[in-house]
Amino acid sequence: MKVLITPRSFGQNSKVPFEMLKENGWTIIKNPYGRILTEEEMEDLIADADGVIIGVDPLNKSVLKAAKKLKVISKYGVGLDNVDLEYAKEKNIKVFNVKNGNSDAVADYAFALMLAVSRKVVLIDRECRKNNWKKIKSLEVFNKTIGIVGLGEIGKGMANRAKGFNMTILAYDVVKDEAYAKANDIQYVELEPLIKESDYITIHLPLLESTKNLFSYEAFEKMKERAVIINTARGGIIDENALYDALTNEKIYGAGIDVFEEEPPRDKRFLELDNIVLGSHCAASSLEAIDNMSIRSVENLFKI
């Protein structure tokens with residue numbers, strides 16, 4: 001059987017995932033482009049595949065129609081918003097993901113973005129390299145209020161880290177873990193009071209119709225002037241035009257953005273701003289998470 005592997009980081013640190021596949025009779029089709037694949041490239045590469053280990057590349061109905069032999073989809077991560085689940089079910093294609101495989105890595109990175117934006121770490125580093133030793137003022141994180149939008153595994157990881165900074169923790173989620181919230185002194189609130197009261201807003205939601213442009217012009221108008229917004233979830237949850245407006249007009253203090261609607265983004269305006277720290281969708285790319293996701297995504301193939 002053949003498996004298409006699209007994530008660029010798959011098996012980068014270890015031969016074990018590849019050896020597991022070969023020992024179980026799988027022939028490997030690698031992503032030959034070193035980037036996220038287009039719909040047309042996916043249709044071509046997946047045509048002869050029995051399985052796919054998929055990253056954020058498109059796996060919509062058109063691509064799945066081209067996959068005449070496909071029996072199993074193994075998500076290299078958690079979010080399945082790039083997979084047409086209804087069509088996969090219709091065609092009896094099994095779908096698996098790797099839960100908690102990269103939660104700590106993403107929470108680490110999201111918290112690192114909070115610190116980097118607040119203390120202007122990137123800007124200070126850039127100026128030091130120019131031999132500019134002037135003092136640059138920045139914000140403290142300790143004792144502030146954090147609003148966690150999506151209190152799943154990654155959101156809980158953020159809460160655990162925030163406790164070490166003595167932060168007041170607010171959370172918004174449609175599904176509530178009341179026991180966890182009570183045990184960890186977390187207050188569930190609706191989205192609007194979270195937006196108004198939080199010094200830091202960190203997003204950990206899937207991209208759905210209900211979450212598309214959830215953070216709009218209206219939302220940014222309600223934020224504190226010194227608010228910082230972090231997104232390591234999915235591009236599209238934040239309206240990028242509204243974010244640019246908020247940053248350039250200093251409606252908020254700053255942003256740490258690891259995900260965009262299009263990656264890399266065609267819109268280069270953000271590259272000129274000093275109050276945003278940019279990421280290349282790499283929050284999950286720790287050595288430990290890569291090893292974990294690689295092995296577990298292979299194991300999911302063997303469930304058919």
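For a straight C-alpha distance cut-off of 18 angstrom, the aspartates and glutamates reachable from Lys89 (same-chain residues fewer than eight places away being disregarded) are Asp50, Asp81. Taking label positions 7 Å along the Cα-Cβ direction at both Ser280 and Asn92, the computed distance is 4.3 nm, reported to one decimal. Of the Cα atoms belonging to region 205-282, the radius of gyration and Dmax stand at 11.5, 31 Å.
Measuring against 25 Å, Cα to Cα, the residue pairs Lys134/Lys222; Lys163/Lys196; Lys75/Lys222; Lys144/Lys196; Lys182/Lys303 contain Lys134/Lys222; Lys75/Lys222; Lys182/Lys303 as the ones spanning a longer distance. The simple spin-label model puts a point 7 Å past each Cα toward its Cβ; for Lys15 and Met1 those points are separated by 2.4 nm.
A straight chain from Ile28 to Glu262 at 0.36 nm per residue would run longer than the Cα-Cα distance by 81.5 nm.
For the pair Glu40 and Tyr217 in one chain, pulling the backbone fully straight at 0.36 nm per residue adds 60.3 nm over the alpha carbon distance.
Express in nm, to one decimal, how much length is gained between Arg8 and Lys61 on full extension, taking 0.36 nm for each residue of separation and deducting their alpha carbon distance. Spell out each step's value before the answer.
Values: separation 53, 0.36 × 53 = 19.08 nm, distance 2.29 nm.
Result for the pair: 16.8 nm of gain on full extension.
Go through 55-67, 229-241 and give me the packing order, highest mean Cβ count within 10 Å leading. Walk me through the numbers on the way to the answer.
Values: 55-67: 20.1, 229-241: 23.2.
In descending order of packing, they fall as 229-241, 55-67.
Solvent-accessible surface of protein heavy atoms, probed at 1.4 angstrom with all chains present, puts His204, His281 in the order His281, His204, largest first.
Accessible area ranking (1.4 Å probe, heavy atoms, ligands and nucleic acids excluded), largest first, for Leu37, Leu123: Leu123, Leu37.
What does the helix-only formula give at 222 nm for the chain: each DSSP H stretch with n ≥ 4 adding -39500 (n - 2.57), the total divided by the residues, and the result rounded to the nearest 500 deg cm²/dmol? Present the calculation step by step, with values, prior to reporting the outcome.
Numbers: 12 runs with 106 residues, N = 304.
My calculation for the chain gives -10000 deg cm²/dmol from helical runs alone.
Given the alternatives (i) 20.5; (ii) 19.7; (iii) 22.3, Kirkwood radius over Cα pairs in Å as computed for this entry is given by (i). Here the simple spin-label model places points 7 Å from the Cα toward Cβ, and for Lys137 and Leu287 these points are separated by 4.1 nm.
The values are calculated or read from the model by the stated rules, or taken from the named source; none is laboratory data. Note that the structure is a prediction, hence the values are computed from the model and not measured. Note: ideal-geometry Cβ built from the backbone for every residue, glycine included; neighbour counts use all protein chains shown. For the accessible areas, the whole protein counts, side chains as well, though only heavy atoms, and no ligand, DNA or RNA atoms are used. Shrake-Rupley method; radii C 1.70, N 1.55, O 1.52, S 1.80 Å.
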